[in-house]
Amino acid sequence: MKLINDAPFFNIFCVSILLFIGYNCTQVQAEIPTRSANLVTDFSGIKNTMPGRESEGFVPPTDDELANWRIVIQTMLAEDWDGAHALIQQNFPMYSLFRYTDTGNADSVYYLLKENSPVNKGWGTYVFAKGYQRQLVIEAPHPWYDTNTYKQAPDVFRLTGARYLIMAGTHRCANNEISGCDGTSGSCGGPYKISDMAHSVHTFFHVTHEEIVAFNARTYQVQLHGHSQSTCEDIFLSNGHRTSVSDELLALRDQVLLKGGLTCNVAGLSQCGLVASSNVQGRYTNGVKSDPCNTYASSGNITEYFIHAEQTRTVRDNPGQYKKFTDALNTVIPLAANQTAVHSDNAKEPAKSFRLLNAYPNPFNPATTITFELQQPVTVSLQIYNEKGQRIRELVRDKILSPGSHSYVWNGRKNDGEVVASGLYLVQLNAGHFQETKKVTFAK
């Protein structure tokens with residue numbers, strides 16, 4: 001299958017007809033169909049049409065189909081909806097592109113790529129928000145196997161104001177052909193299957209992930225998974241490496257713990273081994289561009305942008321519980337450039353000077369808010385020390401922040417997640433050549 005522009009042929013044909021009958025003719029392109037429905041409800045229906053376990057219903061796309069899909073996604077990312085619609089009609093008759101009004105989210109408008117029913121490929125569903133709050137993609141690679149992530153993913157997409165949502169179109173064990181990527185899975189038995197979106201690169205799911213990252217490398221990617229392992233917390237987070245974790249990941253953990261009612265930890269600080277080091281989307285984001293199928297990401301290339309979330313059924317089954325994770329995402333992941341920055345109360349109005357304000361409340365338990373002002377863009381570190389001068393927590397590490405007022409919450413925990421002892425602590429702000437320290441008291 002190849003992309004073909006048949007407009008020149010059509011125009012020549014029209015001119016020929018015009019010469020014979022003296023009548024004007026123009027090429028007519030069908031309009032993008034519209035749909036109004038509840039996105040979460042629709043995704044539940046889509047899940048019910050997916051190829052099931054050992055059904056052999058997932059059909060691996062050909063190289064030509066992957067190449068053509070890449071062009072479709074590039075066109076969607078450029079927000080050329082009509083162009084994408086034409087490409088879909090021409091190359092993928094098994095798919096439809098809808099201008100979708102989400103009746104469950106204040107009539108928000110998305111563009112939704114969906115495989116037609118009956119599903120005979122299992123290639124997935126893709127949503128692009130017309131208006132969005134965060135440069136963020138929510139990914140559900142195992143919507144059938146990781147129970148209820150097919151409902152959780154569209155809900156988290158809406159609650160975070162994410163820009164994209166991609167969901168696999170098949171059970172991870174639907175096709176017995178191996179993917180060729182390293183590692184094995186107890187889920188399907190033996191090597192990873194080609195229908196396992198998190199461990200296969202020859203899929204529309206992975207190509208879409210690649211193109212989103214290529215379009216904007218600062219796109220956060222939150223991939224939702226499920227687990228039932230007793231050694232793992234209710235929510236276990238990683239960046240795709242066994243030990244290297246970002247400040248953002250630690251901040252997410254702290255925010256979830258601050259909500260209460262759930263356990264949460266990160267790779268390297270937990271007994272949980274589900275660190276996603278063989279996840280091909282994580283590898284790609286973390287710098288492995290040439291062969292993410294068989295190459296581990298090095299610790300020096302791990303970024304904050306890939307967030308792998310393993311969750312118990314307690315979380316996935318209960319919107320009230322996974323909303324704690326969603327709220328944490330909204331606190332940690334910044335709003336898009338056309339929005340107000342998450343950690344800045346007044347980012348567009350530079351402060352008159354650099355200064356660290358008194359934390360509030362103080363004394364505190366369980367959390368206090370630390371606010372500082374920046375006169376100009378500068379590299380910032382915000383750290384907590386005990387009375388012995390030992391650094392126990394990094395809230396910000398070498399991050400360039402915009403001018404204005406910025407606030408961060410400290411929940412009274414060390415970097416390893418342990419609650420600190422009662423007593424006096426020092427909050428130190430380093431902003432370029434500026435340094436200031438304030439005292440704060442944790443009272444149990």
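Identify all residues within region 392-407 that are out of contact with any helix residue (DSSP H, G or I) (no Cβ under 8 Å at 6 or more places or on another chain), part of a strand (DSSP E or B), on the phi < 0 side of the Ramachandran plot and surrounded by 14 or more Cβ atoms within 10 Å (Cβ to Cβ); write none if there are none. Passing the criteria: Ile392, Arg393, Leu401, Ser405, His406, Ser407.
On the stretch given as region 246-262, residues that are more than 21 Å from Thr369 (Cβ to Cβ) and touching a helix residue (DSSP H, G or I) at 6+ places or on another chain (Cβ under 8 Å) total 2. Among the helices (runs of 4 or more DSSP H) confined to region 32-95, the ones with at least 1 residues that are within 19 Å of Ala140 (Cβ to Cβ) and in the same structural domain as Asp146 (by TED's automatic domain parsing) are located at 39-47, 63-77. Using the structure shown, decide if Tyr305 is of a type in the set (Phe, Trp, Tyr), within 18 Å of Ile400 (Cβ to Cβ) and at pLDDT 95 or above. Against the criterion (of a type in the set (Phe, Trp, Tyr), within 18 Å of Ile400 (Cβ to Cβ) and at pLDDT 95 or above), Tyr305 qualifies. Number of residues in region 413-444 that are exposed (fewer than 13 other Cβ atoms within 10 Å of the Cβ), among the basic types (Lys, Arg) and closer than 15 Å to Lys388 by Cα: the value is 1. Kindly evaluate Glu304 against the criterion of being of a type in the set (Asp, Glu) and either in contact with a His (Cβ under 9 Å, 6 or more places away or on another chain) or in a loop (DSSP other than H, G, I, E, B) (or both). The answer is yes for Glu304. On the given criteria, is Glu387 modelled with pLDDT of 90 or more, assigned to a loop (DSSP other than H, G, I, E, B) and among the charged types (D, E, K, R)? In short, yes. Criterion applied to Asn365, Asn358, Asn386 was being surrounded by fewer than 18 Cβ atoms within 10 Å (Cβ to Cβ), in contact (Cβ under 8 Å) with a residue 40 or more places away in the chain and either within 22 Å of Val256 (Cα to Cα) or touching a helix residue (DSSP H, G or I) at 6+ places or on another chain (Cβ under 9 Å) (or both), and the one residue passing it is Asn365. Of the residues that sit in region 284-300 and are more than 18 Å from the chain's Cα centre (by Cα) and assigned to a helix (DSSP H, G or I), which one is nearest to Thr243 (Cα to Cα)? Ranking the candidates gives Ser299 first. Within region 154-168, being under 13 Å from Leu329 (Cβ atoms) and assigned to a helix (DSSP H, G or I) holds for Asp155, Val156, Phe157, Arg158, Leu159, Thr160.
Residue-wise test of (1) farther than 15 Å from Ser246 by Cα; (2) part of a helix (DSSP H, G or I); (3) in the same structural domain as His225 (by TED's automatic domain parsing).
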residue: Gly273; (1), (2), (3): yes, no, yes
residue: Ala276; (1), (2), (3): no, no, yes
residue: Gly282; (1), (2), (3): no, yes, yes
residue: Gln321; (1), (2), (3): yes, yes, yes
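On the stretch given as region 104-134, residues that are within 23 Å of the chain's Cα centre (by Cα) and surrounded by fewer than 17 Cβ atoms within 10 Å (Cβ to Cβ) total 6.
Look at (1) more than 16 Å from Leu262 (Cβ to Cβ); (2) small (Gly, Ala, Ser); (3) surrounded by fewer than 24 Cβ atoms within 10 Å (Cβ to Cβ) and you find that Ser228 fails only one, number (1). Might you check whether a residue that is free of Cβ contacts under 8 Å to residues at least 12 places away in the same chain and in a strand (DSSP E or B) occurs anywhere in region 111-130? No; the residues of region 111-130 include none that is free of Cβ contacts under 8 Å to residues at least 12 places away in the same chain and in a strand (DSSP E or B). Screening Glu373 on (1) farther than 23 Å from Glu248 by Cα; (2) surrounded by 14 or more Cβ atoms within 10 Å (Cβ to Cβ) shows it passes everything except condition (1). Here Asp82 qualifies as surrounded by fewer than 18 Cβ atoms within 10 Å (Cβ to Cβ) and in contact (Cβ under 8 Å) with a residue 40 or more places away in the chain.
The values are calculated or read from the model by the stated rules, or taken from the named source; none is laboratory data. Everything numeric here is computed off the predicted structure, so don't read it as measured data. Methodologically, a virtual Cβ is constructed for each residue, glycine included, from the backbone with ideal geometry; neighbour enumeration extends over all protein chains shown.
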